[in-house]
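S.K.: A single structure is presented below for examination.
The values are calculated or read from the model by the stated rules, or taken from the named source; none is laboratory data. From a predicted model like this one, the values you see are computed outputs, not experimental measurements. Note: ideal-geometry Cβ built from the backbone for every residue, glycine included; neighbour counts use all protein chains shown. Heads up: the accessible areas ignore ligands, DNA and RNA and are worked out on the full protein's heavy atoms, side chains in. Shrake-Rupley method; radii C 1.70, N 1.55, O 1.52, S 1.80 Å.
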Amino acid sequence: MRQLIIIGSGPAGFTAAIYAARANLSPLVVASSVEVGGELMNTTEVENFPGFPEGIMGPELMQKMQEQAEKFGAEIRYDDVTELDLSGDVKKVTLGSGAVEEAQAVIFATGSAYRKLGLPGEERLSGHGVSWCATCDGFFFREKTIAVVGGGDSAMEEATFLTKFASKVYVIHRRDTLKASKIMQQRALANEKIEFIWNAEVADILGESAVEGVTLRDTVTGETRDLALEGLFVAIGNDPRTHLVHDQLELTPEGTIAVIGRTSRTSAPGVFAAGDVIDPTYRQAVTAAASGTVAALDAEHFLASLGDADEPAPAEDQLVEA
């Protein structure tokens with residue numbers, strides 16, 4: 001039986017692995033069979049991660065994190081978790097290969113998935129004009145004409161932020177009223193760089209190697225027209241990857257895993273959570289990495305305490321968002 005299994009291989013998972021491996025916990029990292037590295041694998045140049053003043057490509061950053069974790073003794077398994085049993089003192093992790101790994105502690109760092117439009121060009125042009133993160137990629141759209149898809153707070157926040165860089169920002173919304181809070185609506189509507197396109201949905205993304213525009217479909221009449229663009233930001237929400245722990249861990253109203261205060265401790269003793277799976281607000285690589293540090297330290301303290309006393313289960317009213 002292992003001391004620690006880490007599920008997830010984004011900034012939170014690999015940072016937790018670095019800290020846990022340096023503490024001689026010999027962690028097993030279940031890194032996924034197809035999505036190793038998380039969302040940063042779909043990001044081109046990362047300029048806001050500390051320590052890289054010249055910027056670094058997203059896949060390269062994740063590769064360096066993995067190498068650092070392996071240097072200290074973390075074992076990386078390219079497989080997918082299909083089932084979890086987090087009850088009892090021994091946690092059981094079933095993998096796609098059929099293998100069942102057991103551990104005294106588990107760190108859950110599966111991240112979140114941006115909701116996508118489901119269009120053919122969306123994946124192909126990811127990192128080439130299509131983005132899901134304004135704070136990550138806005139800098140690359142200086143003096144360009146771009147669009148944000150969505151009508152909630154996140155879309156208004158993204159559109160307003162992007163006006164710092166772009167010369168023109170369209171907001172494409174499938175209805176004629178916004179879901180965003182009044183203050184976020186007011187800020188966006190008052191910004192002279194933002195123009196709203198109401199009752200419209202993106203039917204196609206144009207361009208072969210880079211975004212050149214979109215085809216819009218009127219949600220009332222069904223008519224279509226093309227709109228020239230150099231970038232498209234999709235802000236229609238995201239979903240934390242918590243399907244494996246439903247009915248096993250306490251969740252917040254936002255659907256993230258509930259943790260106690262600023263710790264990574266969940267409602268199950270010996271189970272810790274980190275990264276976007278506990279963070280519905282910031283969702284940055286650096287905050288996820290910091291969260292992974294917390295989880296590794298919490299797991300280390302938990303494992304060290306096993307010889308003294310069992311960790312008490314937290315009361316439900318102690319569980320809050322990170």
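S.K.: Calculate the translational D of the stretch 174-271 in whole µm² s⁻¹ from Stokes-Einstein, where the hydrodynamic radius comes from the Kirkwood formula applied to all Cα pairs, the temperature is 10 °C and the viscosity 1.306 mPa s.
M.R.: 91
S.K.: How would the stretch 119-222 be classified by its alpha-carbon gyration tensor: rounded, prolate or oblate, with rounded meaning a/c under 1.5 and the a/b versus b/c comparison settling the rest? Could the numbers behind the result be given before it?
M.R.: On the way: a/c = 1.89, a/b = 1.14, b/c = 1.66.
It is oblate, given that a/c is not under 1.5 and a/b is not larger than b/c.
S.K.: Also, I was wondering about something else. GNM on the chain, C-alpha springs below 10 Å: top fluctuator among GLY150, GLY207, GLY111?
M.R.: Its mean-square fluctuation being the largest, the pick is GLY207.
S.K.: Further question: Mind checking the per residue accessible area of the chain for me, 1.4 Å probe, whole number of Å²?
M.R.: 47
S.K.: Then there's this: In debye, nearest 20, what is the charge dipole magnitude of the chain about its Cα centre with +1 on Lys and Arg Cβ and -1 on Asp and Glu Cβ, if you could check?
M.R.: Working: 26 positive and 48 negative charges, 132 e Å.
Dipole of the chain, to the nearest 20 debye: 640 debye.
S.K.: What percent of all Cα-Cα pairs in the stretch 1-104 falls in each 5 Å bin, counting up from 0?
M.R.: All Cα pairs considered, the percentages come to 2, 14, 21, 21, 19, 12, 5, 4, 1, 0.
S.K.: With a point put 7 Å past each Cα toward its Cβ, work out how far ASP226 is from MET1 in nm, to one decimal.
M.R.: Rounded to a tenth, the inter-label distance reads 6.4 nm.
S.K.: Considering only DSSP beta bridges where both residues belong to the chain, give the percentage that are antiparallel (nearest 5).
M.R.: Percent antiparallel among DSSP bridges in the chain is about 50.
S.K.: So how exposed is VAL81, as accessible area in Å² (1.4 Å probe, rounded to 10)?
M.R.: We get 20 Å² for VAL81.
S.K.: Give me the percent of accessible area attributable to carbon and sulfur for the chain, probe 1.4 angstrom.
M.R.: Carbon with sulfur: 48 percent of the solvent-accessible area.
S.K.: Kirkwood-based Rg over Rh for the stretch 114-171 (C-alpha set), two decimals?
M.R.: Value, to two decimals: 0.94.
S.K.: Using a 10 angstrom cutoff on alpha carbons, build the Gaussian network for the chain and name the most mobile of MET62, MET156, MET184.
M.R.: Largest GNM mean-square fluctuation: MET184.
S.K.: Also, I was wondering about something else. Report the extension gain between GLU192 and ASP176 in nm, rounded to one decimal, defined as 0.36 nm multiplied by the number of residues separating them, less their alpha carbon distance.
M.R.: Length gained, GLU192 through ASP176: 3.8 nm.
S.K.: While we're here: Express the relative contact order of the stretch 16-164 as a whole percentage, based on alpha carbon pairs under 8 Å and six or more residues apart in sequence.
M.R.: 19
S.K.: Sort the chain into rounded, prolate or oblate with this rule: let a ≥ b ≥ c be the square roots of the eigenvalues of the Cα gyration tensor; rounded if a/c is under 1.5, and if a/c is not under 1.5, prolate when a/b is larger than b/c, oblate otherwise.
M.R.: Prolate, because a/c is 1.5 or more and a/b exceeds b/c.
S.K.: Next question, about the same structure. I need to check one value: relative contact order of the chain, counting alpha carbon pairs closer than 8 Å and at least 6 residues apart, in percent. Let's see the in-between values first.
M.R.: Numbers: 765 pairs, mean separation 63.6, N = 322.
It rounds to 20 percent for the chain.
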